[in-house]
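Engineer: Got a structure for you, written out below as structure tokens; questions coming shortly.
The values are calculated or read from the model by the stated rules, or taken from the named source; none is laboratory data. What you are looking at is a predicted structure, and each value in this text was computed from that prediction instead of being measured. Every residue, glycine as well, gets a Cβ built from its backbone with ideal geometry; the counts of neighbours run over all protein chains shown. Only protein heavy atoms, including side chains, enter the accessible area calculation; ligands, DNA and RNA are left aside. Shrake-Rupley method; radii C 1.70, N 1.55, O 1.52, S 1.80 Å.
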Amino acid sequence: MENTSAYLKTRKKTQDLIITSMLIALIFISTAFLNFRLPIAANGGLVHMGTAMLFIASILFGPKKGALAGAIGMGLFDMIGGWLLWTPITIIARGLQGYIVGKIAWFQGRKGNSITLNMTATIVSVPFMIAIYYIGESIIYGNWITPLASIPGDVVQSVLGILIAIPICVALKKVSYFK
């Protein structure tokens with residue numbers, strides 16, 4: 001009996017590690033290869049589909065996996081994608097954003113099954129992400145004005161992410177694995 005229990009715990013941990021790793025990879029790939037730069041000032045920002053994947057991961061798999069996948073997936077992109085200085089900001093902003101989305105979507109055991117909570121979760125997470133990037137960029141640039149140019153890109157990226165993630169989550173919630 002003890003061996004069976006230990007085996008099941010090990011199997012669960014292994015499965016969690018594999019799923020989290022796959023989510024990290026999906027967010028990294030969506031950020032690195034599905035993106036475009038906005039022509040707004042020098043730091044106008046990068047609009048990418050990593051945000052949609054972050055929302056999907058957090059809604060379908062909860063706050064822990066969403067936070068880890070967002071922080072590591074987008075943090076890795078910053079490290080190798082030419083945005084190295086932004087890496088610590090991204091790790092904090094996207095980790096917190098994934099956590100917030102997952103926590104709200106999984107509120108009271110709902111496990112991302114409520115479209116209303118999922119919409120609320122994604123919308124509530126956006127100001128936190130924007131605020132963290134704004135504060136981080138203010139430190140980088142040494143003023144509070146220059147980072148304002150990044151906000152429109154952050155908003156566009158978030159709206160696109162929501163518009164893509166919510167219908168995908170609705171469709172995936174019909175698959176038995178995600179019910």
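Engineer: Calculate, for region 12-78, the solvent-accessible area per residue in square angstrom, rolling a 1.4 angstrom probe over the heavy atoms of the protein chains. Don't skip to the end; give the middle numbers.
Structural biologist: Working: 2930 Å² over 67 residues.
Heavy-atom accessible area per residue stands at 44 Å².
Engineer: Compute the helix-to-body angle for 87-105: its Cα long axis versus the longest principal axis of the chain, expressed 0 to 90° and rounded to tens.
Structural biologist: Here the helix axis deviates by roughly 50 degrees.
Engineer: By how many degrees, 0 to 90 and rounded to 10, does the Cα axis of helix 151-172 deviate from the longest principal axis of the chain?
Structural biologist: The angle comes out at about 20 degrees.
Engineer: When the solvent-accessible surface of protein heavy atoms is calculated with a 1.4 angstrom probe, in what order do TYR133, TYR141 fall, highest first? Walk me through the numbers on the way to the answer.
Structural biologist: Working: TYR133 25, TYR141 80 Å².
Largest to smallest exposure gives the sequence TYR141, TYR133.
Engineer: Counting only protein heavy atoms, what percent of the accessible surface of the chain is carbon or sulfur at a 1.4 Å probe?
Structural biologist: Working: 6980 of 9610 Å².
That share works out to 73 percent.
Engineer: Hey, another quick one. Determine the sum of side-chain charges near ALA67: Lys and Arg each +1, Asp and Glu each -1, restricted to other residues whose C-beta is under 13 angstrom from that of ALA67. Intermediate results must be reported in sequence, preceding the final value.
Structural biologist: On the way: positive: LYS64, LYS65, ARG94, LYS103; negative: none.
Local charge sum for ALA67: +4.
Engineer: Give the relative contact order (percent, whole number) for the chain; include only Cα pairs under 8 Å separated by 6+ residues.
Structural biologist: It comes to 23 percent, rounded to a whole number.
Engineer: Related question: Just need the Rg to Rh number for the chain, please, alpha carbons only, Kirkwood Rh.
Structural biologist: Across the chain, the Cα-based Rg/Rh ratio is 1.02.
Engineer: Once you put a point 7 Å from the Cα of VAL175 and another 7 Å from the Cα of TRP83, both along the Cβ direction, what distance in nm separates them?
Structural biologist: Label-label distance for VAL175 and TRP83, simple model: 2.6 nm.
Engineer: Sticking with this structure for a sec: Can you tell me the orientation of helix 63-80 relative to the chain, as the angle in degrees between its alpha-carbon axis and the longest Cα principal axis, to the nearest 10?
Structural biologist: 40
Engineer: In vacuo Debye scattering of region 41-142, one point per C-alpha: log10 I(q)/I(0) at q = 0.15, 0.17, 0.23 Å⁻¹?
Structural biologist: -0.56, -0.70, -1.13
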